[in-house]
């Protein structure tokens, strides 16, 4: 492309620093272009996704409505901004949001990206010239009563709630339902327990799985509690929390409009200074996601251990064969869904470390790690949702007991001797267990050989099923 055609493909826009060449076929403006030019970091890997873009669209639409209601914007400007913002909400302008996470720590460029795109689209709708800032100005109209310092924290909360409500919590519910059904179905299957990776007293397969279900219950409650902390929005705080240049009722009015639009009970944050300078609510959500990741790690590891084999492992359950597992060993099949879920858990732990550290960096009236904190929590939510759904469909739903393997392990376990403690005492029971282990005998054979118990009493007292309940 020659210089003349390149020039024809650009338009000149202006900001406080001067003129900027902007691609003529795009709606963003000077400040967005400066960010594209100045932050070529993680391009194509760390761009904002649908939740963030949608949240900006909702925020700007509702801000215009609030400013109209409060007499801060005329009705014709409100209508134009609403129409343009709705296109952002619907996704038809996603290509106009090219910015990456790694930018200014307040998210100013992303806020201005939304302001410029909505303003220029509104100008198009009005039949004006893109870049003219007439009849809609990106700062004076679209950003009226706002600062990046309060809009980006609001977007952080809105986008995170979106991911929780529509992705992560539903995926968690689906896996929970699957495992709860398995726990009930396998309630009568007695298997050997293990502590310290060593044989322990029996429990049922249903009881083991019920432990996983309870972990998911706890994680769900933690996420739901953390979600409540996202409902207060920073809007109305503007630059440092004082509300300078916004209507006194703007925060409450715009929060009510966003609540109606998203059908989520958002409210205006009671203390805007904390809302701008600290993001403890995001830190708490990330921590709850880390808790879910830890539970997922435990569940996935238990599943792959119980399914290990097929000949030389524990072989107590079977899981679906999804793909060949080796490029050299024919017929090998691996627990790949378990491994994928555990790798996601590792990534979530890493994201949580970044979010927690970013949350600690609120200096004076502004935290300037906002974008990376938002990216971390959104990625964790999306990854966990994908991984839980995949694990559910491709592994958990196909879990079945391997009755032969379970019976074999129960019969060979030395820890069944624990049932004899109330009858012959700990010391004598230990003698039986050690004699069985050292002599490669069954417990019954060792007990009879030592003469510590009759065959009839052994058969009556050593009942694996009875050992899975109190008494």
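The values are calculated or read from the model by the stated rules, or taken from the named source; none is laboratory data. None of these values were measured; they are calculated from a predicted model. Cβ sites come from the backbone with ideal geometry, for glycine too, and all protein chains shown count toward neighbours.
Quick notes
One line per residue, one yes/no per condition, for (1) under 22 Å from residue 26 (Cβ atoms); (2) part of a helix (DSSP H, G or I); (3) touching a strand residue (DSSP E or B) at 6+ places or on another chain (Cβ under 7 Å); (4) at pLDDT 95 or above:
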residue: 113; (1), (2), (3), (4): yes, yes, no, yes
residue: 128; (1), (2), (3), (4): yes, no, no, yes
residue: 136; (1), (2), (3), (4): yes, no, no, yes
residue: 141; (1), (2), (3), (4): yes, yes, no, yes
residue: 144; (1), (2), (3), (4): no, no, no, yes
residue: 165; (1), (2), (3), (4): no, yes, no, yes
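- On the stretch given as region 255-288, residues that are crowded, with 21+ Cβ neighbours inside 10 Å and part of a loop (DSSP other than H, G, I, E, B) total 3.
- Among the residues listed as 204, 195, the single one being under 30 Å from residue 303 (Cα atoms), in contact with a helix residue (DSSP H, G or I) (Cβ under 8 Å, 6 or more places away or on another chain) and at pLDDT 95 or above: 204
- Residue within region 230-244 that is in a helix (DSSP H, G or I), surrounded by 15 or more Cβ atoms within 10 Å (Cβ to Cβ) and not assigned by TED's automatic domain parsing to the domain that holds residue 417 present: no
- Residues satisfying the criterion are present in region 168-175 (criterion: more than 17 Å from residue 378 (Cα to Cα), at pLDDT 95 or above and crowded, with 21+ Cβ neighbours inside 10 Å).
- Region 451-471: number of residues that are outside any loop (DSSP other than H, G, I, E, B) and either surrounded by fewer than 16 Cβ atoms within 10 Å (Cβ to Cβ) or touching a strand residue (DSSP E or B) at 6+ places or on another chain (Cβ under 9 Å) (or both): 8
- Matching entry among 200, 181, 214 (being in a strand (DSSP E or B), surrounded by fewer than 20 Cβ atoms within 10 Å (Cβ to Cβ) and either touching a residue at least 24 places away in the same chain (Cβ under 8 Å) or in the same structural domain as residue 318 (by TED's automatic domain parsing) (or both)): 200
- Condition check for residue 447 on (1) closer than 19 Å to residue 191 by Cα; (2) touching a residue at least 24 places away in the same chain (Cβ under 8 Å); (3) surrounded by 13 or more Cβ atoms within 10 Å (Cβ to Cβ): one failure, at (1).
- So residue 361, is it within 15 Å of residue 281 (Cα to Cα) and either at pLDDT below 95 or over 17 Å from the mean Cα position of the chain (by Cα) (or both): yes
- Qualifying positions in region 39-50 - surrounded by 21 or more Cβ atoms within 10 Å (Cβ to Cβ) and in a helix (DSSP H, G or I): none
- Region 362-378, subset surrounded by 16 or more Cβ atoms within 10 Å (Cβ to Cβ) and out of contact with any helix residue (DSSP H, G or I) (no Cβ under 6 Å at 6 or more places or on another chain), residue farthest from residue 158 (Cα to Cα): 368
- Consider region 71-110 and keep the residues that are in a helix (DSSP H, G or I), within 23 Å of the chain's Cα centre (by Cα) and in contact (Cβ under 8 Å) with a residue 40 or more places away in the chain. The one that is surrounded by the fewest Cβ atoms within 10 Å (Cβ to Cβ) is 94.
- Condition met for residue 302 (outside the structural domain of residue 372 (by TED's automatic domain parsing) and over 19 Å from residue 356 (Cβ atoms)): no
- Annotation: of all residues in region 329-366 being in a helix (DSSP H, G or I) and touching a residue at least 60 places away in the same chain (Cβ under 8 Å), the one that is nearest to residue 272 (Cα to Cα) is 359.
- For region 17-37, a tally of residues being over 24 Å from residue 90 (Cβ atoms), without any contact (Cβ under 8 Å) to a residue 24 or more places away in the chain and not in a loop (DSSP other than H, G, I, E, B) returns 6.
- Test: residue in region 309-331 that is surrounded by fewer than 22 Cβ atoms within 10 Å (Cβ to Cβ), within 23 Å of the chain's Cα centre (by Cα) and over 21 Å from residue 220 (Cα atoms): no
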